[in-house]
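J.: My questions will all concern the structure given below.
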């Protein structure tokens, strides 16, 4: 009997409840929290400007966005080049290209810069006081520069195909209105940024500590699903740097449609 009691104690009750179920789970008092919220980032931190970690993070964002545009637009060009959709990876392959690259790049750069690779994500985290204005501005500039360079390299490889196939730039497809495109981009960006906030939430890490969560996985999967839904509408932006880089390199009037980020809405709902 003693052995069975020991098995029960180490088995079924091995993981004690980290948080009560029901209304008590909200935890109204500071000492009732089983997690520690990181302090709000200052709006401007002069010491950051002399720190190598800031510039290393900026370089990481540049390289990650460069690779993201390079691989994803090459995939788009491969699909556009084929005369038969059955002979290519199709929309599903394009979606996997975007989502898979985000998964890999966020995993690689999370420990250096946080793995934003998207000004919409950076802007949302800035509004939530997760990083300083100094760092946010550097990230956004480096992300846009990386996107421009990534699209530029693809154009340099095969300029005729690039210009003839739309250059991977976003535009509202025939059969849809600009309002449709606007709505699709708002909802798609919301899904992505909300997933980022949820996957990196300190409360989730504390309450679900017995369930390992690899943050880049749900983020990359969210990108994949949004692309499946909105490629037929706008080609899927949800990333201002990706849209800006492709539009600048392609440089045609239909590539300059407005793209809207719903980062502010995400912050309001998440908090």
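A short reminder: the numbers here are calculations on the coordinates, not readings from a lab. In this text the structure is predicted, and so the values were computed from the model without any measurement. Virtual Cβ from ideal backbone geometry, glycine too; neighbours counted across all protein chains shown.
J.: If we count other beta carbons within 10 Å of each Cβ, what is the order of 144, 149, fewest first?
T.: 149, 144
J.: Which of 162, 176 comes first, and how do the rest follow, when ranked by fewest Cβ neighbours within 10 Å?
T.: Lowest count first: 176, 162.
J.: Take residue 229 and residue 163, extend 7 Å from each Cα along the Cα→Cβ direction, and tell me the distance between the two endpoints in nm.
T.: Each label point is offset 7 Å from its Cα along the Cβ direction, giving 3.7 nm.
J.: In percent, how large is the relative contact order of the stretch 46-270, given Cα pairs closer than 8 Å and 6 or more residues apart?
T.: Once normalised by length, the contact order is 31 percent.
J.: Related question: Beyond 25 Å, what share of the Cα-Cα pairs of the stretch 28-186 is found? Please give it as a whole percent.
T.: It works out to 45 percent of all Cα pairs.
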